[in-house]
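Q: Below is one structure. I have some questions about it.
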Amino acid sequence: MRKKIVAGNWKMNMDLAEGLKFAGSLEKYFKEKPAEKAQVILCPPFIHLAGISEIIKHGKIALGAQNCASDASGAYTGEVSAWMIKSTGAQYVILGHSERRTYYHEDDKLINKKTLLAINSGLKVIFCIGEVKSEREAGQHFLIVRRQLEEGLFSLTEEQIDMIVIAYEPVWAIGTGLTATPDQAQEMHKFIREQVKEKYGNDCAKKLPILYGGSCKPSNAAEIFSKPDVDGGLIGGAALKKEDFTAIAEAF
Ligand code: PGA
């Protein structure tokens, strides 16, 4: 059985006090009522990591960052390294998110470099891929995803792939209220798993969790998660509301 995962990407929301309070209320909730089937991961802004790490003591929630630097250490003003993230107690980092690709011009090569650094620092990577609207309309979505895998991920060894969770996030569905249909998600997740199988073999492909992201909410999570190649979700907007996020974590 593959690991099921529900990860909340808080993006640039909540100040320190708000973030700690919210994490505390989720910790209390999942302590009393653990998400039975899913590993819950919180991915807050960097400044929250160390504090939240102290709060989530019961082991029901894991912690991740939303980005890391493309170098290990040194004179890179304003950057936060994978190793620093690891030192807070976090176990995951989101890389390749479409907002980083679009607003900060991160390309596959840079994302590959960050991915290797993160893995070498002992972090698991939630590796995001997905096409924009015009690419889907032009029928190029499989081609785009294939390229993102090949250039961003497929230089990893089989052992390193064990540290990867893929998140398929069609960019046209992120924060737009538009969601891929469960069939569209399944079709792409199956395609991704086939690419991994071709490159790394069946055992590797079978073990790899592939999450869906893009306007996932309580009303659509159960149907999307019921698809055989969908192993959970990367949740943005709905991760900021306790009722919504906990409902999604229980949607399996
Ligand atoms: P959304 O964001 O759920 O708000 O669409 C998902 C993401 O960007 O990870």
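The values are calculated or read from the model by the stated rules, or taken from the named source; none is laboratory data. Note that this is a predicted model, so its numbers are computed, not measured. Cβ atoms come from the backbone with ideal geometry, glycine included; neighbour counts cover every protein chain shown.
Q: Taking G74, is it modelled with pLDDT of 95 or more and surrounded by 14 or more Cβ atoms within 10 Å (Cβ to Cβ)?
A: For G74, the condition - modelled with pLDDT of 95 or more and surrounded by 14 or more Cβ atoms within 10 Å (Cβ to Cβ) - is not met.
Q: Name the residues in region 219-231 that are over 10 Å from A185 (Cβ atoms) and away from the ligand (no atom under 12 Å from the Cβ), would you?
A: Listed by number, the residues that qualify are S219, A222, S226, P228, D231.
Q: Can you name the residue in region 180-227 that is of a type in the set (K, R) and part of a helix (DSSP H, G or I) and, of all such residues, is surrounded by the fewest Cβ atoms within 10 Å (Cβ to Cβ)?
A: Out of the qualifying residues, it is K206.
Q: Could you please let me know if G152 is crowded, with 17+ Cβ neighbours inside 10 Å and at pLDDT 95 or above?
A: Judged against the criteria, G152 is a match.
Q: Quick check on I55: is it more than 12 Å from F245 (Cα to Cα), of a type in the set (V, I, T) and either touching a residue at least 24 places away in the same chain (Cβ under 8 Å) or within 16 Å of the ligand (Cβ to nearest atom) (or both)? Outline the logic, then answer.
A: Working: more than 12 Å from F245 (Cα to Cα): yes; of a type in the set (V, I, T): yes; either touching a residue at least 24 places away in the same chain (Cβ under 8 Å) or within 16 Å of the ligand (Cβ to nearest atom) (or both): yes.
So I55 passes the test.
Q: Looking at region 178-208, which of its residues are within 15 Å of the ligand (Cβ to nearest atom) and either among the aliphatic types (A, V, I, L, M) or under 20 Å from L95 (Cα atoms) (or both)?
A: L178, A180, A185
Q: Can I ask one more? Only one of these is within 16 Å of the chain's Cα centre (by Cα) and away from the ligand (no atom under 13 Å from the Cβ): I94, I111. Name it.
A: Answer to the selection: I111.
Q: Take the conditions at pLDDT 95 or above, touching a strand residue (DSSP E or B) at 6+ places or on another chain (Cβ under 7 Å) and of a type outside the set (A, V, I, L, M) and apply them to K124. Does it pass?
A: yes
Q: Given the criteria surrounded by fewer than 21 Cβ atoms within 10 Å (Cβ to Cβ) and within 16 Å of the ligand (Cβ to nearest atom), does G175 qualify?
A: Details: surrounded by fewer than 21 Cβ atoms within 10 Å (Cβ to Cβ): yes; within 16 Å of the ligand (Cβ to nearest atom): yes.
It is true that G175 is surrounded by fewer than 21 Cβ atoms within 10 Å (Cβ to Cβ) and within 16 Å of the ligand (Cβ to nearest atom).
Q: Here is a check on your reading of the model: is H105 of a type outside the set (D, E, K, R) and without any contact (Cβ under 8 Å) to a residue 40 or more places away in the chain?
A: yes
Q: Here is a further query. Residue by residue through region 228-249, note down the ones that are surrounded by fewer than 18 Cβ atoms within 10 Å (Cβ to Cβ) and not in a helix (DSSP H, G or I).
A: Scanning region 228-249 gives P228, K241.
Q: Next up: When you go through (1) surrounded by fewer than 22 Cβ atoms within 10 Å (Cβ to Cβ); (2) part of a loop (DSSP other than H, G, I, E, B); (3) at pLDDT 95 or above one by one for E159, which number turns out not to apply?
A: It is condition (2) that E159 fails.
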